Amino acid sequence: MSMNDYLWDPSDTPDPEVERLEQMLGRLRSTPPVPDLSTVGRSATAVRLTPAATYVGVRFVAPALAAAATIALMVGATWQTSRLGAAWQVASLTGEPRIGSRTLAGEGQLAMGQTLTTDAASSARVEVSTIGEVTIGSNSRVRLVETRDGHHRLSLDRGSLHAIIVAPPGQFIVDTPSATATDLGCSYTLHVDEDGSGLLSVEKGWVALESNGLESFVPAGASCRTDPTRGPGTPFYDDADEAFRDALDQFDYGRNPARRAAALRLVLDHRDVSAVTLWHLIPRVAAADRGAVVDALADQMAMPRGVTRDAILRLDRTALDSWWKELGLGDANWWRRWKRPTP
Amino acid sequence: MEHVLERGRFRNIGNIAVTSVTCVAQTVSAVAKGDQDAFSRLYADYVRLVHAIVLGRVPRRDVDDLVQEVFIAAYTRIGELRDPAAFGGWIATIARNRATDHLRQAREQVELPDELPGGDAIEAETMAVLDIVRKLPEAYRETLLMRLVEGMSGAEIAERSGLTPASVRVNLHRGMKLLREQLGADTRVSGRTHVSAR
């Protein structure tokens, strides 16, 4: 029987046809993360390292071993239960959500690396360690990325979640395809469409959105869109009218320069434009338009002592953060410190 | 049709294989004692084997989750493994059983398309080829997926699966022949993918 050596040994001379199939099917390759074992219990039976033949005598002590194993399993189950605090408790609210490939009936646990998926008829509540809870809406998929003291991270691939977090800022993070949302002590709703774009609406506290160096701070009563190619947009208060929101969308995500310029004028002249929106626009507009935005913000909120117009126009980070602090919505310095890598 | 599907103990095929079996046994032993680093090593060594087996049976959207579940099951039941050197064949059996259970449960749920919107954009042609491979006999299907999807060499497949190198050679050769025949007959697959039946 002849054998194609390349089929056996990929380091051999490539067979073009096998190579073509390899390239095509190789796209199906994936390596899911190593499952988290911290919440997994285990049978108490010890692994046997010697050949099976040496275990002939086992049959004579099997009843005693079985009894011992039963006791050990009970002890193990108790031990496992005591360790389950590290996992996130999940409860089905409606329908039948899935954890991994298993249907969740009633309550269950979400371990690190596992996904929780809901369909059109299901929703679930997840306890975020001891710091809060997240309600997962219908047609959603979340994955528990990380959970340890002070660091809890979910990814929301699609759908929606509503988070209520009672913890110091920065402990709960949600990754989405278009931005990372960092809780700064609050409750909020995050929605991700099938195309990866999203909408964040904050009810209490504030949330920081970030993608590729672009940041948006979203306070209570405000919302912010996110886009997979452009990152977080400019925040706006929820009571702003539709025309204002459309203009802001056009400025944030439009591609036609003339239309973006017209949209910016509409935003600046609109009665619903807020100091929060204007502060975010300063670094996002072209240099030629920056003065107008700075003046509009100065009309609403005077620059703090020590901050100059020139420094703002230069996009001096300290000056911008000082002005943000004047808004009374939170201290941006905290965010800067938090983002520094841990030594 | 003769299928070579040989599961069970790893055969002594030379010094390299013996060394490898010893390493696996040591790693399994460490995992049994609760060494999580050893579990990570075991995972890295066998994840492609498990992924190929599961991918050959269940919808792609469920594969990653099932792969994780297989390893968690292996971890929880590792005390049941009588011969640590037979880990490859053992976890392969867990993967097959878990995939079968999953399909049984899935039948009771609403049918969803294999590729949901928002997932990775895998071309229809790739999925058509996968569909054909999934219809091949089990031994050929698994071996071909380990080779063509996971990029494992024949020697690696033998080492990880517990099959003899001769069995893997036969499975690859006959599986490829069957795949060529099926690709030639399938209208979903473009001429670019057609390979001559040699």
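The values are calculated or read from the model by the stated rules, or taken from the named source; none is laboratory data. Quick caveat, the model's predicted, so the values are computed rather than measured. Reconstructed Cβ throughout: ideal geometry from the backbone, glycine too, with neighbour counts over all protein chains shown.
When segment A:14-33 is limited to residues that are part of a loop (DSSP other than H, G, I, E, B) and modelled with pLDDT of 85 or more, the one that is farthest from the other protein chains (Cβ to nearest Cβ) turns out to be A:Pro14.
Only helices (runs of 4 or more DSSP H) whose full extent lies in segment B:130-191 are considered here, and the ones with at least 2 residues that are touching a His at 6+ places or on another chain (Cβ under 9 Å) are B:138-148, B:165-185. Of the residues making up segment B:33-83, just one is acidic (Asp, Glu), touching a residue at least 12 places away in the same chain (Cβ under 8 Å) and more than 7 Å from chain A (Cβ to nearest Cβ), namely B:Asp45. For segment B:140-186, a tally of residues being facing chain A (nearest Cβ under 8 Å) and in contact with a Pro (Cβ under 7 Å, 6 or more places away or on another chain) returns 4.
State whether one or more residues within segment A:331-340 are modelled with pLDDT of 90 or more and either closer than 29 Å to A:Lys204 by Cβ or crowded, with 17+ Cβ neighbours inside 10 Å (or both).
No, every residue in segment A:331-340 fails to be modelled with pLDDT of 90 or more and either closer than 29 Å to A:Lys204 by Cβ or crowded, with 17+ Cβ neighbours inside 10 Å (or both).
When segment A:123-142 is filtered for residues that are outside any strand (DSSP E or B) and buried (at least 22 other Cβ atoms within 10 Å of the Cβ), only A:Ser140 remains. Taking every residue in segment A:109-121 that is at the interface with chain B (Cβ under 8 Å from one of its Cβ atoms) and at positive phi and pairing it with any residue that is in a loop (DSSP other than H, G, I, E, B) and not hydrophobic (A, V, I, L, M, F, W, C), at least 6 positions away or on another chain, the pairs with Cβ-Cβ distances below 6 Å are A:Gly113/A:Pro33; A:Gly113/A:Pro35; A:Gly113/A:Asp36.
Matching residues to (1) more than 23 Å from the chain's Cα centre (by Cα); (2) modelled with pLDDT of 85 or more; (3) assigned to a helix (DSSP H, G or I):
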position	(1), (2), (3)
B:Asn12	no, no, no
B:Ile16	no, no, yes
B:Thr22	no, no, yes
B:Thr27	no, yes, yes
B:Ala30	yes, yes, yes
B:Phe39	no, yes, yes
B:Tyr43	no, yes, yes
B:Leu49	no, yes, yes
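The sole residue among B:Ile157, B:Ile72 that is at pLDDT 85 or above, crowded, with 24+ Cβ neighbours inside 10 Å and under 18 Å from B:Arg41 (Cα atoms) is B:Ile157. Only residues that are part of a strand (DSSP E or B), at pLDDT 90 or above and not hydrophobic (A, V, I, L, M, F, W, C) were counted across segment A:83-102, and they come to 4.
Test A:Val192 against the criterion of being hydrophobic (A, V, I, L, M, F, W, C) and buried (at least 20 other Cβ atoms within 10 Å of the Cβ), and give yes or no. It is true that A:Val192 is hydrophobic (A, V, I, L, M, F, W, C) and buried (at least 20 other Cβ atoms within 10 Å of the Cβ).
Taken over segment A:148-164, the residue count meeting the criterion of being surrounded by 21 or more Cβ atoms within 10 Å (Cβ to Cβ) and at pLDDT below 90 is 0.
State all residues of segment A:34-46 that are farther than 27 Å from B:Glu150 by Cβ and either at pLDDT 90 or above or within 9 Å of chain B (Cβ to nearest Cβ) (or both); if no residue qualifies, say none. Talk me through it step by step, then tell me what you get.
Going residue by residue through segment A:34-46, those that are farther than 27 Å from B:Glu150 by Cβ are A:38-39, A:41-46.
Scanning segment A:34-46 gives A:Ser38, A:Gly41, A:Arg42, A:Ser43, A:Ala44, A:Thr45, A:Ala46.
Let's see how each residue does on (1) assigned to a loop (DSSP other than H, G, I, E, B); (2) over 20 Å from A:Gln109 (Cβ atoms); (3) assigned by TED's automatic domain parsing to the domain that holds A:Arg225:
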site: A:Leu144; (1), (2), (3): no, no, yes
site: A:Leu156; (1), (2), (3): no, no, yes
site: A:Ser178; (1), (2), (3): yes, yes, yes
site: A:Glu203; (1), (2), (3): no, yes, yes
site: A:Glu210; (1), (2), (3): no, yes, yes
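Does segment A:303-317 contain at least one residue that is in the same structural domain as A:Arg245 (by TED's automatic domain parsing), surrounded by fewer than 18 Cβ atoms within 10 Å (Cβ to Cβ) and in contact with a Pro (Cβ under 8 Å, 6 or more places away or on another chain)? Yes, segment A:303-317 contains a residue that is in the same structural domain as A:Arg245 (by TED's automatic domain parsing), surrounded by fewer than 18 Cβ atoms within 10 Å (Cβ to Cβ) and in contact with a Pro (Cβ under 8 Å, 6 or more places away or on another chain).
Of all residues in segment A:271-296, those being over 33 Å from the mean Cα position of the chain (by Cα) and of a type outside the set (D, E, K, R) number 4. Scanning segment A:180-201 for residues that are more than 22 Å from A:Asp239 (Cβ to Cβ) and not in a strand (DSSP E or B), we see that the one that is modelled with the lowest pLDDT is A:Gly185. Number of residues in segment A:253-285 that are exposed (fewer than 14 other Cβ atoms within 10 Å of the Cβ) and either at pLDDT 95 or above or in contact with a strand residue (DSSP E or B) (Cβ under 6 Å, 6 or more places away or on another chain) (or both) equals 0. Being part of a helix (DSSP H, G or I) and either in contact with a Phe, Trp or Tyr (Cβ under 8 Å, 6 or more places away or on another chain) or among the basic types (Lys, Arg) (or both) is the filter here, so list the residues in segment B:51-88 that pass it. Selection gives B:Arg60, B:Arg61, B:Phe71, B:Ala74, B:Tyr75, B:Ala85, B:Ala86, B:Phe87, B:Gly88.
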